Every structure is written in C-alpha cells, then in structure tokens.
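The values are calculated or read from the model by the stated rules, or taken from the named source; none is laboratory data. All values derive from a computational prediction rather than experimental measurement. For accessibility, only protein heavy atoms count, side chains too; no ligands or nucleic acids. Shrake-Rupley method; radii C 1.70, N 1.55, O 1.52, S 1.80 Å.
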Amino acid sequence: MGKFFRPMVVLLMAKACNIHVAYNVLDDSGSKGSIPLSSSQKVIAMLAEMIHTASLIHDDVIDKAEMRRGKPTVQKLWGQTRAVLTGNYILAVASIALARIRNEEVVTVLTQILEDLIEGEFMQLGSKEQENERFSHYLKKTYKKTASLVANTCKAVAIISQCSENVIEIAFEYGKHIGIAFQLIDDLLDFISNEIVLGKPASADLKLGLATAPVLFAAHQYSEINPMIMRRFSQPGDIQRTLELVAKSDGVSSTLFLAKEHCKEAVKNISQLAASRERQALINISHRVIDRLK
C-alpha cells in the first residue's frame, strides 16, 4: 500500500460524499438519486498525487537520499538543482490546474496543504528540549507533513459535493486520522522491516537524526535515549544503542496501538455518511493501513 493511496482515498471520499448528498433525492424513476464524480473532484485526486510527488522530490534533496523504493532519486540522477526545479515545476502545474477549478474555498483549502508541508519541514529540523513536549511536537509535525494532504483533499471534494458543514468536517477528520495512522505505521516499519520491504534503507529516520513514535515511546522507559534525541543520534553508537532500547521497550507496540486508535476515529467519522460501497471501501482502507507491508 502507498502507491496512489492518496488519490484513491480522495476519489472514494468524493463518491461517498456525492451519494450522501443525493441520498434523499429521487430520480424520475422513483429510485434514489446519485451524483457522478465531477471533473473538479477528479482534478483534486490528481493534485493530491502531484503535491505528494513534488514533496518527495524535495524531501530527497533535503535528506540527500540516493534511493527511493529501490530506484535512484531525482537528485541522485540529475543533481540537486534539477531536482528542486522538477519539484517546483510539478507544483506550478498543480497550481494552474487548481486555479482552473474556479472555486475560491477549494483553492484556500488546497493551498493550506503547501503551507503545512513547509511548516512541517521546519518542525522536523528541530527537537523540543522538554521531554513532555516532544510527542505533541511529533504528532503536529506528522499532521502537517503527511496528514494535512489527505485531510484537506478529502475536505475539498466534500466542498465540491456541496455537502453540509458537518459532512465537510467528517471528510476532513477521516483524512486527518487516516493520514496520521499511515505515517505512524511508516515510522513503525522503519524499525521492523528490511530495506526490500521499505524501499529505502532501514533505520533511515535515525540516520537522519529523527526521533519518531517508537523512539519517543521508548524514551519514556529508557531515559538514556533523551540526550541522544537532543544530539540527533550524531555520536558513534547512538543509532545502534537506540535500536537496542526500542527493541527492549514497548515502543513498537505502543506505536501500533496509537495507529489503531486513529484508524478507529477515521471509521467512526466515515460511518456517519450514507451507506455505500465507497463508504465501506474507506472503512476497509483503515484496516489495510494497519496491515500493510509497505
């Protein structure tokens, strides 16, 4: 799971919202009405993948990554300058497509994603000195870097469906919780999977100096992790010792539990929409997020 995850969620949400809006509308034959996907909703799904792709290209430049999913990164093949310009170009084309939707509210919602991505990247550059602030900082960063894209594209298609404010909020909350759960599992896999499964080097986050959920949970049990977090695992032996302590701790199981709780919240929200195959598919996705191998 992961490939085209975002546009799939957006298209399913769009159709689920359309069905919900039309649920009490009768067509000429006396049957329940149904609203097909609009071209604007399809564009939002496309934009979700374009913004995601551009962010990955830029992330690889920042991280100096040479491989992604077993293939050389753009910056490895053509250098940092071309990689940055490629990401910028994708965002420029996405911006033109967004403007052509001609919906001011949708434009505002989608541009929030870009602001969140940048803020999330800045948040990732630093660590909170206070231990009790680190986890909230991590979750806020996770929302901005990952979940905001899913949440706000789901919100955008609900707006296009002309849903009520309550349903628009349901779509947003579903996307937010699924997005956070997706990233929690991604961070968990960094500790329990090999490079072939991940498509990137195992323990990549620690090598970048990043403390994710398994590490932060482990730090509650083993305080010696805290100074390593603050120095971003930069001293010899820091990464190996952190791996050992995470393995001994409840870090992985606690991360999995938290991801499941976010999936439960996603299901709780989406279950308020009218019954449909698309609504059920969105519920099924919450299970796949937890069970995925990559």
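Numbers for the structure displayed
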read-out	value
Gaussian network model of the chain, Cα within-10 Å springs - most flexible of E104, E278, E169	E104
Gaussian network model of the chain, springs between alpha carbon atoms under 10 Å - residue of G126, G209, G251 with greatest fluctuation	G126
Percent accessible area from carbon and sulfur atoms, the chain, protein chains only, probe 1.4 Å	55
Along principal axes, Cα extents of the chain, largest first, whole Å	73, 41, 34
Whole-number percent relative contact order across the chain, with pairs defined as alpha carbons under 8 Å at least 6 apart	22
Region 219-294 shape via C-alpha gyration tensor axes, a/c threshold 1.5	prolate
Highest-fluctuation residue, L243, L256, L125 considered, GNM on the chain with Cα pairs under 10 Å	L125
Region 108-235: mean projected area of Cα convex hull, nm²	9.0
Helix-only mean residue ellipticity at 222 nm for the chain, each DSSP H run of n ≥ 4 adding -39500 (n - 2.57), per residue, nearest 500	-23000 deg cm²/dmol
